[in-house]
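Chemist: Quick one: the structure is below, and I'll ask about it shortly.
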Amino acid sequence: MAGLREVKKQRTRDSIQREALRLIARQGYHGTTCEQIAAAAEVSPATLYRYFPSKEDIILWDVFDPLIAEAVRIRPIRESALSAVRHGLAAALGDVAPGELEAVRKRAALVLSVPALRARSWEQLESLQANLTAALAERAARRGERRDAEVAAAVCASVVGLAVRRWVAQGGNLARFVDEALEAIPGLVGGSGR
């Protein structure tokens, strides 16, 4: 039963965010209210606020960080941390439908264009970093290593953030931007990511 409840919550979150983005595309970020978003999503304002405390939270919410971390966690144990992140991200991005990626790009462009959202976008980076830290720490433990998973995750999350900004500015293939950015890391520190 809890699974069905979670699916319903996910659908409600998706609907609220989708309607918010639709209204914002038409009316602008500052011209769109939470009450308008609630009405468009066919939920009460109280329901909207139960899911999202603010309009910023509606825009910033996504489900990708745990999915990316899981894709990294299940990579073959023989891979280095960097290789696991590169290949895990490629696999996770490969599972996202092109239409959904375009919606992510539009949302990321909105985040970068609105100062209040841009200021809070560090929360997204910290979420990715925390999820990657957990996945990499588990991998290191399975490998019998005592590597600093937090440092590796911080570097990778920062590089992914740069790749996303480039993707928003230039369009194209997000997976390619991410892979090229992560591929550059070993050359900068004199190691190999393979």
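The values are calculated or read from the model by the stated rules, or taken from the named source; none is laboratory data. Predicted, not measured: the structure shown is a model, and the values here were computed from it. All Cβ positions, glycine included, derive from the backbone under ideal geometry; neighbour counts span all protein chains shown.
Chemist: Which of the residues that make up the range 127-162 are of a type in the set (Gly, Ala, Ser) and surrounded by fewer than 20 Cβ atoms within 10 Å (Cβ to Cβ)? Show your work before the answer.
Modeler: Restricting attention to the range 127-162, the residues satisfying the condition of being of a type in the set (Gly, Ala, Ser) are 127, 130, 134-135, 137, 140-141, 144, 149, 152-154, 157-158, 161.
Within the range 127-162, 127, 130, 134, 137, 140, 141, 144, 154, 158, 161 meet the criteria.
Chemist: Does residue 122 satisfy the criteria of being surrounded by 15 or more Cβ atoms within 10 Å (Cβ to Cβ), at pLDDT below 95 and within 15 Å of the chain's Cα centre (by Cα)?
Modeler: No: the conditions fail for residue 122.
Chemist: If you take the residues in the range 67-82 that are under 13 Å from residue 145 (Cα atoms) and of a type outside the set (S, T, N, Q), which one is surrounded by the fewest Cβ atoms within 10 Å (Cβ to Cβ)?
Modeler: Once the filter is applied, the top-ranked residue is 78.
Chemist: Tell me, please, whether a residue that is in a helix (DSSP H, G or I), surrounded by 12 or more Cβ atoms within 10 Å (Cβ to Cβ), among the basic types (Lys, Arg) and not assigned by TED's automatic domain parsing to the domain that holds residue 107 can be found in the range 24-44.
Modeler: No: zero hits.
Chemist: In this structure, does residue 158 turn out to be closer than 25 Å to residue 77 by Cα, in the same structural domain as residue 84 (by TED's automatic domain parsing) and either hydroxyl-bearing (Ser, Thr, Tyr) or in a loop (DSSP other than H, G, I, E, B) (or both)? Write out each step before concluding.
Modeler: On the way: closer than 25 Å to residue 77 by Cα: yes; in the same structural domain as residue 84 (by TED's automatic domain parsing): yes; either hydroxyl-bearing (Ser, Thr, Tyr) or in a loop (DSSP other than H, G, I, E, B) (or both): yes.
The answer is yes for residue 158.
Chemist: For the range 52-88, name all the residues that are part of a helix (DSSP H, G or I) and under 30 Å from residue 29 (Cα atoms).
Modeler: Kept after step one, since they are part of a helix (DSSP H, G or I), are these residues of the range 52-88: 55-60, 64-73, 81-88.
Correct list: 55, 56, 57, 58, 59, 60, 64, 65, 66, 67, 68.
Chemist: How about the range 131-152: which of its residues are free of Cβ contacts under 8 Å to residues at least 40 places away in the same chain and assigned to a helix (DSSP H, G or I)?
Modeler: 133, 137, 141, 150, 151
Chemist: Are any of the residues in the range 93-115 in contact with a Gly (Cβ under 6 Å, 6 or more places away or on another chain), of a type outside the set (Lys, Arg) and in the same structural domain as residue 74 (by TED's automatic domain parsing)?
Modeler: No, because not a single residue in the range 93-115 is in contact with a Gly (Cβ under 6 Å, 6 or more places away or on another chain), of a type outside the set (Lys, Arg) and in the same structural domain as residue 74 (by TED's automatic domain parsing).
Chemist: Kindly indicate the residue of the range 95-106 that is within 14 Å of the chain's Cα centre (by Cα) and farther than 15 Å from residue 28 by Cβ and also surrounded by the most Cβ atoms within 10 Å (Cβ to Cβ) among those meeting that condition.
Modeler: Only one residue tops the list, namely 104.
Chemist: Let me ask something else. Here are some residues: 117, 89. Which one is modelled with pLDDT of 90 or more, more than 16 Å from residue 18 (Cβ to Cβ), surrounded by 15 or more Cβ atoms within 10 Å (Cβ to Cβ) and within 12 Å of the chain's Cα centre (by Cα)?
Modeler: That would be 89, the only listed residue that is modelled with pLDDT of 90 or more, more than 16 Å from residue 18 (Cβ to Cβ), surrounded by 15 or more Cβ atoms within 10 Å (Cβ to Cβ) and within 12 Å of the chain's Cα centre (by Cα).
Chemist: Would you say residue 49 is within 28 Å of residue 115 (Cα to Cα), of a type in the set (Phe, Trp, Tyr) and not in a helix (DSSP H, G or I)? Walk me through it before giving the result.
Modeler: Details: within 28 Å of residue 115 (Cα to Cα): yes; of a type in the set (Phe, Trp, Tyr): yes; not in a helix (DSSP H, G or I): no.
Judged against the criteria, residue 49 is not a match.
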